[in-house]
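Shown next, in structure tokens, is the structure this report addresses.
The values are calculated or read from the model by the stated rules, or taken from the named source; none is laboratory data. Keep in mind that this is a model prediction, so the values were computed, not measured. With ideal geometry, Cβ positions are generated from the backbone for all residues, glycine too; neighbour counts draw on all protein chains shown.
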Amino acid sequence: MSNPIILEYKVNAPVHKVWKALTDKTEMRSWYFDIYDFEPEHGKIFNFYEPGEEKKYHHQGEILEIIPNQKLKHSWAYPEFSDKKTTVSWELQPEGNNETLVKLIHDDIDNFNDLGENFSRDSFTEGWNGIIGQSLKPYLENK
């Protein structure tokens, strides 16, 4: 049985602006990762690395589901370390006139148990909280 990481943040920005930040590779570069080959289309594969010159941790994803302004679901893998994959879902829900509830679900995280501490549930939870709470949220609210 899977035990996903689930995080929810309320962002003071309308859903269409949050969606653009999640799916526009130019905007993503400002708050997330530089994903040069990202295209928001079902079946598209994308690649990126941790920030920095050393090209640490090759990440690879494939768009599994896309519902504009509502949901983006993709696989999350480290092909240089494992053939196993997890899934990441970004779900958006409008709240009031100018707010959006951002829900992130990272499922099958236990697939990475054998890769070490940098790939642990705690490490991913801390990482996602930083990405959403300290990067995405301020990026959108200060635009």
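General remarks:
- The lone exception for residue 113 - which of (1) modelled with pLDDT under 95; (2) part of a loop (DSSP other than H, G, I, E, B); (3) among the polar types (S, T, N, Q) it fails: (2)
- Residue under evaluation residue 53, criteria (1) modelled with pLDDT under 95; (2) of a type in the set (D, E, K, R); (3) more than 19 Å from residue 127 (Cβ to Cβ); (4) in contact with a Lys or Arg (Cβ under 7 Å, 6 or more places away or on another chain), criterion not met: (4)
- Qualifying residue in region 114-130 (condition: within 13 Å of residue 14 (Cα to Cα) and either out of contact with any helix residue (DSSP H, G or I) (no Cβ under 9 Å at 6 or more places or on another chain) or touching a residue at least 60 places away in the same chain (Cβ under 8 Å) (or both)): no
- Breaking point among (1) without any contact (Cβ under 8 Å) to a residue 60 or more places away in the chain; (2) in contact with a helix residue (DSSP H, G or I) (Cβ under 6 Å, 6 or more places away or on another chain); (3) not aliphatic (A, V, I, L, M), for residue 96: (2)
- Picking from residues in region 116-137 that are small (Gly, Ala, Ser) and assigned to a helix (DSSP H, G or I), the one that is farthest from the chain's Cα centre (by Cα) is 123.
- Within this structure, residue 82 fails the test of being among the small types (Gly, Ala, Ser), part of a strand (DSSP E or B) and on the phi < 0 side of the Ramachandran plot.
- A single member of 89, 75 is in a strand (DSSP E or B), at negative phi, out of contact with any Ser or Thr (no Cβ under 8 Å at 6 or more places or on another chain) and at pLDDT 95 or above, and it is 89.
- Just so you know, in region 1-38 the residues that are of a type in the set (A, V, I, L, M) and in a helix (DSSP H, G or I) include one that is farthest from residue 99 (Cα to Cα), and it is 28.
- Breaking point among (1) loosely packed, with under 15 Cβ neighbours inside 10 Å; (2) within 26 Å of residue 141 (Cα to Cα); (3) touching a strand residue (DSSP E or B) at 6+ places or on another chain (Cβ under 6 Å), for residue 39: (3)
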